[in-house]
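Okay, structure first, notes after.
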Amino acid sequence: MKIFEACVGNYNEAIRAEALGANRIEFCDNLLEDGTTPSFGNIKKTINTLKIPAMVIIRPRGGNFEYSEDEAEIMLEDIRMCKEIGVYGVVIGALKGNKIDLDLTKKLVEEARPMKITFHMAFDSIEDKKGAIDELVELGVHRILTKGGMENALEGKDVLKELVEYANDRIIIMPGKGVNKENRDYILEYTGAKEIHGTKVV
């Protein structure tokens, strides 16, 4: 079964994506900033209305993925709130230079359990992607959203194919960025991925 995850920027888009056949949504605010955490009211209304699972992005601001202690506290609190109201999963990511910030990511993952966890496109800034896959498997992350380090998933298709093969079902590699209804099946087939993500995926 192929999973189409629609990236949405508000409640109305979430409802529309479900109606168009999305299997899951990633719920964000500020898509122009590549997504930040939506308001609590937005999250609650959305998960109570949708029949499909919603992943909520945990990102306190746009810009880079290196976070201060204060920002880490905000992220942990947002994860706690999501868990309390029964959110299906959260989307996280934190870096130190071009590596995963293992200390912070571990804290975020531990706080998020038993919700599902996706590591977002911060992954594309990581130099050693295969090493990072091993680290995220070890931490218990379920899925990585990536464009293969390129401009979009189509350009990154060869890297994505390699990452899917390397992950070998230990963790889900989900291509994203520049994905639409016209190219989604081709990207899935070419890379061997089972899930795909985009604002125009449905």
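Normalised Debye scattering of the range 48-202 at q = 0.12, 0.16, 0.19, 0.21 Å⁻¹ gives log10 I(q)/I(0) of -0.49, -0.88, -1.21, -1.40, counting only Cα atoms as equal scatterers and leaving out solvent.
This model, with +1 at the C-beta of Lys and Arg and -1 at the C-beta of Asp and Glu, gives the chain a dipole about its Cα centre of some 820 debye. The loop-placed trypsin sites (Lys or Arg not before Pro) in the range 7-105, going by DSSP, that have at most 11 neighbouring Cβ atoms within 10 Å of their Cβ come out as LYS51. For the range 3-198, what relative contact order do you get, as a whole percent, if you take Cα pairs closer than 8 Å and at least 6 residues apart? Once normalised by length, the contact order is 15 percent. Each part gets one Cα centre, and for the range 1-66 versus the range 127-183 those centres are 20 Å apart. Peptides 186-195, 167-176 ranked from most to least packed, by the mean per-residue count of other Cβ atoms within 10 Å: 167-176, 186-195. Each residue, LYS200 and GLU84, gets one label point 7 Å from its Cα in the Cβ direction; the gap between the two is 4.0 nm.
Taking amide H positions as modeled 1.01 Å from N, with prolines and chain starts lacking one, the residues under 5 Å from LYS96 and 5 or more places away or on another chain are ASP101. For the listed residue pairs LYS130/LYS200; LYS129/LYS194; LYS45/LYS83; LYS107/LYS161, the alpha carbons are over 21 angstrom apart in LYS130/LYS200; LYS107/LYS161.
Throughout, read-outs are computed from the coordinates displayed, never taken from laboratory work. As the structure is a computational prediction, the values presented were derived from the model and not from experiment. Here the Cβ is made from the backbone with ideal geometry for all residues, glycine too, and neighbour counts use every protein chain on show.
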